[in-house]
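> Right, I'll just put the structure down here and ask away after.
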Amino acid sequence: MGKRLRKAELLKEIDRERKALDSTLAQLAPRQWTRPGVTRGGWSAKDILAHLVEWQKMNLRWYEAGLRGEKPEIPAPGFTLRELPLLNRSIYEMYRKHSLRSVREEYERFHAEVIGLIKIISDEDLTTLHRYSWTGPSWTLSDYLRASTAAHYLWARTRIRRWIKRERASAK
């Protein structure tokens, strides 16, 4: 069960977590962006941003499919929620060869798309259980959007911040 944040609260939390993540990212030297080891799986900061991008894209696709009356395969075609580690590995492989520039551009673009979507959706549509066929019995659209933005930004920031501390400690 998520938090079921109304629009104003959701936008405020997303803004706060995005600014905190961007502040952490600003600490990275150019070469650090693509250095592996930020996560146990060997991801770089670029890989983490690509992960955020793809989860936001998936959320947008789910929403659009729902508007068309379809029930999207969640989390993705061929994957169940129990297979999130496999899906995340697939996302990593999909973006592995993408340039840092393209990933950063998509990071900006899809954040803006999600924010734009939130701004046009009513509080009722964001927070009502069963409002969309694809959101399931216990999560609202707000919960899904929060998970792919604010909560994911916090997750990313925590990993990158810890990695920066390890990098600094090993440089001494």
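The values are calculated or read from the model by the stated rules, or taken from the named source; none is laboratory data. Treat the numbers as computed from the prediction; the structure is a model and nothing was measured. Positions of Cβ are generated from backbone atoms using ideal geometry, with glycine treated the same way; all protein chains shown enter the neighbour counts. Ligands, DNA and RNA are stripped out before the accessible areas are found, and what is left, the full protein with its side chains, is counted by its heavy atoms. Shrake-Rupley method; radii C 1.70, N 1.55, O 1.52, S 1.80 Å.
> If I ask for residues that are over 20 Å from Ser99 (Cβ atoms), open to solvent by 10 Å² or more (accessible area, probe 1.4 Å) and among the aliphatic types (A, V, I, L, M), which ones from the stretch 12-61 would you list?
Within the stretch 12-61, Ala20, Leu60 qualify.
> Can you find a residue in the stretch 72-82 that is surrounded by 15 or more Cβ atoms within 10 Å (Cβ to Cβ) and within 14 Å of His152 (Cβ to Cβ)?
yes
> Still on this structure: Hey, among the residues in the stretch 11-25 that are in contact (Cβ under 8 Å) with a residue 60 or more places away in the chain and among the basic types (Lys, Arg), which one's nearest to Tyr107 (Cα to Cα)?
Within the stretch 11-25, the subset in contact (Cβ under 8 Å) with a residue 60 or more places away in the chain is 11, 13-14, 16-18, 20-21, 24-25.
In the following step, the residues that additionally are among the basic types (Lys, Arg) were identified as 16, 18.
Working: Arg16: 16, Arg18: 11 Å.
If we take residues in the stretch 11-25 being in contact (Cβ under 8 Å) with a residue 60 or more places away in the chain and among the basic types (Lys, Arg), then Arg18 is nearest to Tyr107 (Cα to Cα).
> A further question follows. Considering the stretch 37-75 alone, what residues qualify as being under 18 Å from Ser90 (Cβ atoms) and of a type in the set (Asp, Glu)?
Correct list: Asp47, Glu54, Glu73.
> Within the stretch 137-156, is there a residue that is over 16 Å from Tyr107 (Cβ atoms) and open to solvent by 70 Å² or more (accessible area, probe 1.4 Å)?
Checked the stretch 137-156: at least one residue is over 16 Å from Tyr107 (Cβ atoms) and open to solvent by 70 Å² or more (accessible area, probe 1.4 Å).
> Of all residues being among the small types (Gly, Ala, Ser) and within 18 Å of Ile74 (Cβ to Cβ) in the stretch 114-136, which is surrounded by the fewest Cβ atoms within 10 Å (Cβ to Cβ)? Just the residue, please. Let's see the steps before the verdict.
First pass over the stretch 114-136, keeping only residues among the small types (Gly, Ala, Ser): 116, 122, 133, 136.
If we keep only those that are within 18 Å of Ile74 (Cβ to Cβ) as well, we get 133, 136.
On the way: Ser133: 12, Gly136: 14.
Filtering first and then ranking leaves Ser133.
> Sticking with this structure for a sec: Only helices (runs of 4 or more DSSP H) wholly contained in the stretch 55-165 count here; list those with 3 or more residues that are free of Cβ contacts under 8 Å to residues at least 24 places away in the same chain.
The qualifying helices (runs of 4 or more DSSP H) are 84-95, 100-120.
> Among Lys46, Lys97, Lys57, which is of a type in the set (Lys, Arg) and under 20 Å from Ser142 (Cα atoms)?
Matching residue, one of Lys46, Lys97, Lys57: Lys57.
> Since Glu13 meets every condition but one in (1) modelled with pLDDT under 95; (2) within 17 Å of Ser148 (Cα to Cα), which condition does it not meet?
(1)
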